[in-house]
1. Identify the single condition in (1) open to solvent by less than 20 Å² (accessible area, probe 1.4 Å); (2) within 10 Å of another protein chain (Cβ to nearest Cβ); (3) among the aliphatic types (A, V, I, L, M) that C:VAL129 does not satisfy, given that it satisfies every other one.
2. Being among the polar types (S, T, N, Q) and open to solvent by 20 Å² or more (accessible area, probe 1.4 Å) is the filter; apply it to the stretch C:20-43 and report the residue that is farthest from C:ILE5 (Cα to Cα).
3. Taking the stretch A:52-92 as the region of interest, how many residues are open to solvent by less than 10 Å² (accessible area, probe 1.4 Å) and not aliphatic (A, V, I, L, M)?
4. With the condition kept exactly as written, say whether any residue in the stretch C:72-85 is open to solvent by 20 Å² or more (accessible area, probe 1.4 Å) and more than 10 Å from chain B (Cβ to nearest Cβ).
5. Is one or more of the residues making up the stretch B:74-81 within 14 Å of another protein chain (Cβ to nearest Cβ) and charged (D, E, K, R)?
6. Go through the stretch C:128-145 and report how many residues are more than 21 Å from the chain's Cα centre (by Cα) and assigned to a helix (DSSP H, G or I).
7. Do you know which residues across the stretch B:163-178 are under 28 Å from B:LEU51 (Cα atoms) and away from every other protein chain (no Cβ under 14 Å)?
8. Name every residue in the stretch B:18-28 that is farther than 18 Å from B:VAL331 by Cβ and not aromatic (Phe, Trp, Tyr), in order of residue number.
Amino acid sequence: MGSRMVPGIVIVLLGLFVVLVPAVIFPTCETQIETAAGGTVPMRCFWSGRAEIGIGALIAASGLLMLAFRPALVRAGIAVATALLGVLGILIPTVLIGGCESPMMDCNTTTFPAVIVANSLIVVVCVITALVLARSDRRLQVQAQQQATTNVTLDERGATHIEH
Amino acid sequence: MNDKPLSTLNIALLNLRRKVFRTMGLVLLAALLAFTLLAGSVLSQSLDNGLNNLSQRMGADILAVPYGYEANVQGALLRGEPSTFYFDELTTERIAAVGGVIDVSPQLYLATLDSSCCAYPVQLIGFDPQTDFAITPWVSQTLDAPLTAGQIVIGSSLSGEVGQKLEFFNKSFVIVARLEKTGMGFDTSVFMDLDSARQLAQYSKRAGGHPVADNANLISSVMVRVQDGLNTKDVANDILQSYGKDGVRVVVAEDMISDVSSSLRGLTGYILVLIAILWILTVGVLLIVTAVTINSRRREFSLFRVLGATKGKLMRLILCESSIVSLIGTVAGMLAAALVVFPFSTFISMQLGLPYLQPSLPVLALLFVLCFIISLVPACLASIYGAVRIGKLELSRTIKEAE
Amino acid sequence: MLLSIEGLTKRYQRRDTTFAAVDAVDASVERGDFISFIGRSGSGKTTLLNMIAGLLAPTEGSVRLEGTDLYALNDKEISRLRNTRLGYIPQGLGTLANLTVFDNVRLPFFLDKRSGDASGRASYLLEAVGIAHLRDMLPAQLSGGELRRVLIARVLMNEPDILIADEPTSDLDVETAMGIMELFATINKRGTTILLATHELDTLEFSKRVLSMAAGRLTEEQRA
């Protein structure tokens, strides 16, 4: 029973880490860009960080759901969805939103590497969890089938016995 | 339920699984060792590489800079810290006249806080294509024709492709080449010819005023090459003697490199000591654990013997158990190290403030293999020790003790 | 003759004096025998059984299994003999705590290169000794009597010629002890030679021969 909890707990912790990186541990660049109108807007990396906070929260929530549900296939499904969330978490800073152009900026040196590593770990953990759970589910089904067939033969024997 | 054959491997796995905490502890220790080994060796190799690169790319034997800015020029070279310091252009000719000096070339440094996307300080270096010997030789690796007005060469860490335009102080320049990664300050520098740099200073006047804008005869430093066979330090001393009173100071490249290499040696020394301590600790802990294990498992091993296991079989069992633990720990530790050292390499190099250049892939692969082997040695030693202890195990005595 | 024991002696050095735990014992065992060695503790029964089981080299004399001198063999050969032909249940050395009951029983099969249905035989043996329902338990969860049955099932795994057991019924209540002895009798009826050491006289009725030991010597033989 103990080992059943491990993937869920790991995913919750990694999800929280993804939330904490842009928020606390390695914040994105703080400087704001001046617009032509004279106002200031945050840079792209800031929005990437925001998006990661949301994704991290969702991943942590998925981890909690995995702890809450018992059926193997349900947990495997959550794991697959969480793996996809992890892929999104990798795509946000690299493709979808991105960050500063200079590789020396805070977002490129700390924030993004941290969230990309964490999200990659999430993807790996989720894929392994899903595979293990799917396999154990199949084994259970095979066992159930075998039991069902033996039950049938016993029933037949029982029936012949009654006839005698 | 479980009909798997009870091979040595499977028995070892069962034994490890039933002793979760001991197994976890040993895995953690092995992981710590592997982590330190890989992270430490990649770190020190990168620093070593950076130093080699620095000494190859220095070009100049002596750098002449204004009084009080000796540290700044080092910061600019090593870390790309934007610096602005100036003295009169005439210094170039004066130094050229000093005995033993064969080449001189002026450079002009400008700092900018204004780059297209992200605010990031970039060092602009203006050099004289006519006299330069320090930058051109390795710029030319990526450049066919000499740099003309309006053209720039950018360091590897700056964004922008060749052919693209980049704006500084509202004046646009065409990128004609990118430098390969050097691990030094050049990675965040932009190179242009001296005249363009002076013009740019004029433009920057509007953005806040610049000393070069008021006096077009200013330069930041003079690169000096000394005749072969002469003592660089003596020549540097001569320059200082002659023009020190005019506010000229010198930085000897050799000294700078040896400064870097000594602080680097200090760092690699710490890393080595840490690795040595961890390695010895791992060997010690594994030996003690093996000794204690064999002592407390004498009954178990005797039983195996009674049931017909040979001494070799027991030795293989011990070997199997400690190999599994070390293997898992080593792989986990090396993976963790790779996930820290490579994604965060820029961060690490910025924190260290030393030239930092990651080794090439074949060298990295070699490092991985070496770290893997060295991490597994403690387990092998422990297994050999265990095998010797098992060889000495006297069956009848343990049976007697058990009575 | 399955087993012949000639002049078997084991001397130990105690400070200045030597004493013989087993002193010039001669005996012969036929296929199908069921022999009980009786005697007080310290009479040398365990030392004698250890030597017969190929675990303790004698000071003098020999143990021959169908003519083969056990102590002329190297580690590999004697290990194989222990694994295949000499089943020994020593006193105090019980089960392997990290393995389930089923795996404990299967283990001897895997200690030498052989092919066959280990799981099938282990299941059959667990059934035969009456503990099939305990197969996936760990030894720590079992009672004393159940543990003895695990040991017996395990020792039978490779169908040994001789089953040697040192005090197999010690620390058991009378009823459980009788159950174990009946099991031995059944095994013996199926053709396995059995050598037991015991000091509980009410177990003797199951034996075909009873040899008493005192001070390292075989003193008398009684036909049961």
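The values are calculated or read from the model by the stated rules, or taken from the named source; none is laboratory data. Nothing here was measured: the structure is a model prediction, and the numbers come from that model. Heads up, the Cβs are rebuilt from the backbone with ideal geometry, glycines too, and the neighbour counts pull from every protein chain shown. Just the protein is used for accessible areas: all its heavy atoms, side chains included, with ligands, DNA and RNA removed. Shrake-Rupley method; radii C 1.70, N 1.55, O 1.52, S 1.80 Å.
1. Only one criterion in (1) open to solvent by less than 20 Å² (accessible area, probe 1.4 Å); (2) within 10 Å of another protein chain (Cβ to nearest Cβ); (3) among the aliphatic types (A, V, I, L, M) is unmet by C:VAL129, namely (2).
2. C:SER41
3. Within the stretch A:52-92, residues that are open to solvent by less than 10 Å² (accessible area, probe 1.4 Å) and not aliphatic (A, V, I, L, M) number 6.
4. yes
5. Yes, the conditions are met somewhere in the stretch B:74-81.
6. Summing the residues that are more than 21 Å from the chain's Cα centre (by Cα) and assigned to a helix (DSSP H, G or I) in the stretch C:128-145 gives 5.
7. Within the stretch B:163-178, B:VAL176, B:ALA177 qualify.
8. B:ARG18, B:LYS19, B:VAL20, B:ARG22, listed by residue number.
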